[in-house]
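Structure record follows, encoded as structure tokens.
The values are calculated or read from the model by the stated rules, or taken from the named source; none is laboratory data. Treat the numbers as computed from the prediction; the structure is a model and nothing was measured. Every residue, glycine as well, gets a Cβ built from its backbone with ideal geometry; the counts of neighbours run over all protein chains shown. What goes into the accessible areas is simple: the full protein's heavy atoms, side chains included, and nothing from ligands, DNA or RNA. Shrake-Rupley method; radii C 1.70, N 1.55, O 1.52, S 1.80 Å.
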Amino acid sequence: MDSRRRPVLGHRWLPAPKRKRLRRRGIKPSAHGQWKRAPARASGGVARGERPTGGSPAGATLPRFVGGDGTAGRGERTWRSAAPWSRGGRFDAGMTPMGDGGKGDGNLGGGDKAGGQQSLGKGGGKQADGQKGGGDGGKGGSQLGITPRATDYAAWYQDLVLKGELADYSPVRGCMVVRPYGWSLWERIRDIFDRFFKETGHQNAQFPLFIPMSFLAKEASHVEGFAKECAVVTHYRLKAGANGIEPDPESKLDEPLIVRPTSETIIGAMYAKWVQSWRDLPILINQWANVVRWEMRTRLFLRTTEFFWQEGHTAHETEQEAREETLKMIEVYRKVAEEYLAMPVLVGQKSAAERFAGAVETWCIEALMQDGKALQAGTSHFLGQNFAKAFEIEFAGRDGQRQNAWTTSWGVSTRLIGGLVMTHSDDKGLVMPPRLAPIQAVVIPIWRKDEEKAAVASYVDGFVAKLKAAGVRVHVDDREQFKPGYKFNDWELRGVPLRLEVGPRDVAAGKCVLARRDGGEKQIVDVAGLETRLPELLEQIQAALFAKAKAFRDASIHRARTYEELVKTLEEKGGFVLAPWDGDAAVEAKVKEECKATIRCIRAEDAGESAPAIGTGQPTTQWVLFAKAY
RNA sequence: CGGGGCGUAGCUUAGCUUGGCUAGAGCGCAGCGUUCGGGACGCUGAGGCCGGAGGUUCAAAUCCUCUCGCCCCGACCA
């Protein structure tokens, strides 16, 4: 096929590995470019690769058919349960090149940033590689292939998500694949919220993925907000065309559909149909769904083109009721964020500029990441009658008058997972708060001999059953291809809160080694009573994580009295900066332009002391929180 | 969309400036053996024709043109 381009060197048709293999067996290309066996040299000279050792003798003749039965021998798994998440490729590279490369010149992250998706590993190694073959034997310290936070926070985050197997990039630009471990985390978050939603009277339902394009236009500011990032469906059929397959022009839709970026419009249209009387209200519906917003720049979990979320949509008879709903749900968000994700948040309102497109008021929970940037972790909108008017959600009131309903909407997304990662994790990997951790405790059995293995196994079985009965999510890592040390690091990377190391010595003593992921301290404890001890310890860890994050957050709230001070503080210290602001949008815009910081949240409790507002100098009692944000 | 950078094995990459020996390596993967309390080791093996298409040339991973994709920086956002 290729031959026209390589008419001469016939042997080059073979793939390189194949050539290499043949070469090893002493077969070389002849002058005519054909492969043939080299004449055995001297006396029965054994060509390389034909070594008559164990395994397969005649290497050249029956190459790689061995092992056909190789699987049989290892079928005998005894107390086995597959890891709850099949992990495909182990985490790979990264750990390698850094190991020796970094040593050569003691550099650290001197590497170019360019790598992006695989930025790590590029770091050291490279330039000094003249000595390739040599290597330096030594294991490059404790490099786990995770970029340290101090070196490059964004790369660190990416390493954790990828190597912790929470998510992976997909072939679709900007869209991620949430892997089983990441999804199990989301399922836990989802279930917790879902329970609270139901407790507050909401029901789940499901609305279409597609929305008629015209719907979007019905609410003026809503279009403005979303028009720029909508995926549009224009055809419903493909056909073979000049350049392969293409949309069939005959199948063009009369009215294009958009893929929902959010569902206010289509839900509004349905509510209009369902609401006739005040007796039909309130309508309290939530949907768990995926939405699409065509983002320019994406980051795993934090901003992807498609993301997974929950959107609650309610319609009420009165303004007050709708306002109460808005606040009730932001409180649910606060509660779950703080009590389950152990992620402290500030609760407040958005400025007009930051408000949801179409909302009258937007309330938010705002978290702070370890790098000093804020993260909007959830929003609840009081939509007034904007959508009710646009979609004619009308009803006959108690007084017989026809009127518009008052609506709200509120949502949290898989972005919370990004927040979770950036709130607690460290240079060794993820750190999961126990209430959320898919696995709360992992057991690492240790043995040398088969008798030990059996003894350890039954010992472990004994207490693991009790732990499970006590409601602890425990997993036994009995993989035989990895040594204990490897497993320690592996589970630390995954953020499992507790690790139990159990070896022959422990079996004899009725003990085990208990290690905490946060802090990392180890202690030897009695196995008896673990089922009461672990749940307590898990709660302590939960509390400790929250306390630590909160202390950091609180220490990261600064004050500024003037515009200059605000800018300086944002640049030098990061975090939240509280400053007097009188509502002037121009000043807000100026801050945004100058230092990429926005008003994250306006809290009633920050109001107080009267001061000249930044920018305008007008006296104001309103103090607002600025920050750079994700 | 504007500005930069990068595409060589599953991953990280060497080679490209100055075309030519068989495209090297580390990790990972498979088999066997020894190991197993903080990422073990040995041996053997599998796996690339260099993002794609043209062109120049006796000869292209390497030079030229086009193209596709990805990453970074900016404008937008949960």
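Short to long, the 10 Å bins of the Cα pair-distance histogram for region A:423-476 hold 22, 39, 27, 12, 0 percent of all pairs.
Accessible surface computed residue by residue for region A:147-248, with neighbouring protein chains in place and a 1.4 Å probe, gives 51 Å² per residue. Evaluating 6.51 cos²θ - 1.76 cosθ + 1.60 at θ = phi - 60° for every residue in region A:400-410, the Karplus couplings come out as x, 7, 7, 8, 8, 6, 10, 10, 9, 8, 7 Hz, glycine and proline recorded as x. For region A:557-628, with all protein chains in place and a probe radius of 1.4 Å, 50% of the accessible heavy-atom surface sits on carbon or sulfur.
Across the cross-link table entries A:Lys373/A:Lys590; A:Lys198/A:Lys328; A:Lys487/A:Lys550; A:Lys453/A:Lys487, which are compared at the Cα atoms, the separations over 22 Å belong to A:Lys487/A:Lys550.
Quick check for you: with a 1.4 Å probe and neighbouring chains kept, what is the accessible area per residue of region A:504-625, in Å²?
I get 51 Å² per residue for region A:504-625.
Both the radius of gyration and Dmax for region A:557-628 are 10.5, 28 Å, in that order, over alpha-carbon atoms. For region A:380-468, the per residue solvent-accessible surface stands at 35 Å², with DNA, RNA and ligands left out and a 1.4 Å probe. Taking the alpha carbon gyration tensor of region A:214-355, multiplying each eigenvalue by 5 and rooting it gives semi-axes of 34, 23, 14 Å, largest first.
Every Cα-Cα pair in region A:295-442 was counted, and those over 23 Å apart are 44% of them. Couplings 3J(HN,Hα) for region A:617-629, derived from phi with the Karplus relation 6.51 cos²θ - 1.76 cosθ + 1.60 (θ = phi - 60°), are x, 5, x, 8, 10, 8, 10, 10, 9, 9, 5, 7, 9 Hz, where x marks Gly and Pro. Scaling the Cα radius of gyration of region A:441-538 by the globular reference 2.2 N^0.38 Å produces a ratio of 0.99.
For A:Asn286, the residues whose modelled amide H falls within less than 5 Å of its own, excluding neighbours fewer than 5 places apart on the same chain, are A:Gln203, A:Asn204, A:Ala205, A:His313. Per-peptide packing, taken as the mean over residues of other Cβ atoms within 10 Å, places A:325-335, A:484-494, A:376-386 in the sequence A:376-386, A:325-335, A:484-494 from highest down.
A Cβ-based charge dipole, computed about the Cα centre of region A:453-601 with Lys and Arg at +1 and Asp and Glu at -1, lands at about 400 debye.
Among A:301-307, A:228-234, the peptide with the highest mean count of other Cβ atoms within 10 Å heads the list, and the full ranking is A:301-307, A:228-234. Ordering of A:250-258, A:593-601 by packing is A:593-601, A:250-258, highest average first (other Cβ atoms within 10 Å, averaged per residue).
Relative to one another, the C-alpha centroids of region A:410-431 and region A:482-518 are positioned 24 Å apart.
Note on region A:262-312 and region A:577-596: Cα centroid distance 30 Å, given to the nearest whole angstrom. For region A:177-268, chymotrypsin sites (Phe, Trp or Tyr not before Pro) are listed when DSSP marks them as loop and at most 15 other Cβ atoms sit within 10 Å of their Cβ; the list is A:Tyr236. Across region A:227-237, coupling constants 3J(HN,Hα) worked out from phi with the 6.51/-1.76/1.60 Karplus curve, θ = phi - 60°, read 3, 6, 9, 9, 7, 10, 9, 10, 9, 10, 7 Hz, and Gly and Pro carry x. With r as the distance between the Cβ atoms of A:Glu452 and A:Glu571 and R0 = 56 Å, compute the FRET efficiency 1/(1 + (r/R0)^6) and round to 0.05. E between A:Glu571 and A:Glu452, to the nearest 0.05, is 0.45.
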